Amino acid sequence: DVQMTQSPSNLAASPGESVSINCKASKSISKYLAWYQQKPGKANKLLIYSGSTLQSGTPSRFSGSGSGTDFTLTIRNLEPEDFGLYYCQQHNEYPPTFGAGTKLELK
Amino acid sequence: EVQLVESGGGLVQPGRSLKLSCVASGFTFSNYGMNWIRQAPGKGLEWVAYISSGSSYIYYAETVKGRFTISRDNAKNTLYLQMTSLRSEDTALYYCARVYSSYILFDYWGQGVMVTVSS
C-alpha cells in the first residue's frame, strides 16, 4: 500500500495569513492526490483532486501543487471557516490511503 | 441535494456481527460507485470497501477482507456493510461516501455512524 506522510500535524495561524500543508507519498502517485477538509458536525469535503484541480465550490484561496511523491496544499488569506482538519489521499491506486491529518487551529 | 444517511451502528461484543446501512438521495444512486470509510476515535481516515454501480467490482481493505461484505440495493437506494467477527480495532465512525467520476476519491460523505466493539 502507498503510505502517505502528512506534515505538520498541527498548525496555528490567524485569519488573513497563508499556510501550507505537505503530503509525501511512499512511491510515485503521478498527479493523483486529493485534499479533504473535516469539521465537527459537517460532512467531509473534497477540496482538490489530481494534485491541483479545485472541486466545484472550493474557494480560489485554496490551491494544490506537486507531482510524483511530494504535494502541497496552500491556503491564502485564511478565513475563519478554514480552521479544521485537513487530510490528503492518494487516488492513484487501490487501496486509497490517507495521510494522518493536519489540524489547522486559530492562533 | 445529495444526502447520505448511515444507520445501524451501536455497541457490539467482540466476535459478533452488525450490519450498517446508508440511504442515498438527491442523485441517481445506481450510476455511482460507493464506499465505506472509517475513522477510529482520534485517528485518521481508513478506506474499508468499494462497490461499483452495478456491483460487478468489489474491493476490500486487507484489514477487513473475509470479515466484512459490502453490498447495495439500487432499487432501494441503499448501501450496506455486513460486519462479522468484529474486533476491538473495528471500533470507529463509519462513513459511506460516493465515488467522484471515475476516480478513486470521494465527493460526498455521510455524517457517519458509530460502531463500538467492546465486551
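Between B:Asp73 and B:Ser30, the modelled labels are 1.5 nm apart [label points 7 Å from Cα along Cα→Cβ]. Under the convention that each Lys and Arg Cβ holds +1 and each Asp and Glu Cβ holds -1, the size of the dipole of the protein assembly as shown around its Cα centre is about 260 debye.
Counts of other chain beta carbons within 10 angstrom of each beta carbon in peptide B:59-71 average 1.
When B:Ser17, A:Ser67 are arranged by Cβ crowding within 10 Å, least crowded first, meaning fewest neighbours, the order is B:Ser17, A:Ser67.
Compared with the alpha-carbon gap, the fully stretched path from A:Tyr94 to A:Asn77 is longer by 2.6 nm at 0.36 nm per residue. Each principal axis of the Cα atoms in chain B has its own extent, and those three values, largest first, are 40, 27, 26 angstrom.
Per-residue extension of 0.36 nm, minus the Cα-Cα distance of A:Leu106 and A:Arg61, leaves a gain of 14.5 nm for this segment.
DSSP bridge analysis restricted to chain A gives an antiparallel fraction near 90%, rounded to the nearest 5. Basic side chains Lys and Arg get +1 at the Cβ, acidic Asp and Glu get -1 at the Cβ, and with that the dipole of segment B:1-101 about its Cα centre reaches some 200 debye. As an equivalent ellipsoid, the protein assembly as shown spans semi-axes of 29, 19, 17 angstrom, where each value is the square root of five times an eigenvalue of the C-alpha gyration tensor, largest first. Per-residue mean of foreign Cβ neighbours for B:98-104 is 4 (Cβ atoms of other chains, 10 Å radius). Rounded to whole Å, give me the distance from the Cα center of segment B:37-71 to that of segment A:22-80. Rounded to whole Å, the Cα centres lie 23 Å apart. Where in chain B lies the longest segment free of trypsin sites (Lys or Arg not before Pro) that are both loop residues by DSSP (not H, G, I, E, B) and have at most 14 other Cβ atoms within 10 Å? The longest such stretch corresponds to B:88-119. Counting Cβ atoms of other protein chains within 10 Å of each residue's Cβ and taking the mean over peptide B:40-48 gives 4. Largest mean-square fluctuation among B:Leu93, B:Leu20, B:Leu45, in a Gaussian network model of chain B whose springs join Cα atoms under 10 Å apart, belongs to B:Leu45. Exposed loop sites here mean GluC sites (Glu not before Pro) with a DSSP loop assignment and at most 11 other beta-carbon atoms within 10 Å; chain B contains its longest site-free run at B:2-61.
Only Lys, Arg, Asp and Glu carry charge here, each on its Cβ (+1 for the first two, -1 for the last two); on that basis segment A:66-107 has a dipole of about 100 debye about its Cα centre.
Where a number appears in this text, it was derived from the coordinates with a stated rule and is not lab data. For clarity, every value in this text was computed on a predicted model and none was experimentally measured. Please note: Cβ atoms are built from the backbone with ideal geometry, for glycine as well, and neighbour counts cover all protein chains shown.
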